[in-house]
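Since every read-out is calculated from the coordinates, none of them should be taken as a lab result. As the structure is a prediction and not an experimental result, all values here were calculated from the model. Positions of Cβ are backbone-derived with ideal geometry, glycine not excepted, and every protein chain shown enters the neighbour counts.
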């Protein structure tokens with residue numbers, strides 16, 4: 001059973017977050033509700049015309065790196081991640097891209113917001 005199907009079977013509702021990143025700033029791409037933790041089941045990333053590398057972080061803008069992916073210009077990637085579970089209650093997921101043009105890079109995350117304690 002996939003992690004997505006597992007959380008559906010437990011009664012959780014899936015949530016999708018879509019963000020466009022312009023420039024080289026590190027930004028929050030998913031901030032859960034107070035007292036909740038994020039469990040990401042799917043990621044997709046569209047690199048702008050010049051291509052980019054994207055890095056994801058838990059609960060901070062520069063530490064606790066989850067993963068980093070690179071994509072050529074005008075390409076969408078959807079890596080098989082299995083699942084990323086935050087252990088920080090109310091902690092956001094951040095992303096930072098390199099070579100971001102003004103047309104931006106598109107990030108889509110799908111997953112669930114869980115209660116503050118682990119399942």
Looking at segment 79-87, is at least one residue in a loop (DSSP other than H, G, I, E, B), exposed (fewer than 15 other Cβ atoms within 10 Å of the Cβ) and touching a helix residue (DSSP H, G or I) at 6+ places or on another chain (Cβ under 9 Å)? yes
Please pick out the residue among 91, 73, 35 that is closer than 26 Å to residue 116 by Cα and surrounded by fewer than 14 Cβ atoms within 10 Å (Cβ to Cβ). 35
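Condition (residue is assigned to a loop (DSSP other than H, G, I, E, B), surrounded by fewer than 14 Cβ atoms within 10 Å (Cβ to Cβ) and either out of contact with any strand residue (DSSP E or B) (no Cβ under 9 Å at 6 or more places or on another chain) or in contact (Cβ under 8 Å) with a residue 60 or more places away in the chain (or both)) applied to segment 59-70: is it met by at least one residue?
no
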Here are some residues: 55, 95. Which one is touching a residue at least 60 places away in the same chain (Cβ under 8 Å), within 11 Å of the chain's Cα centre (by Cα) and under 18 Å from residue 31 (Cα atoms)? 95
Could you list all residues from segment 1-32 that are within 19 Å of residue 90 (Cα to Cα), loosely packed, with under 12 Cβ neighbours inside 10 Å and out of contact with any strand residue (DSSP E or B) (no Cβ under 6 Å at 6 or more places or on another chain)? 13
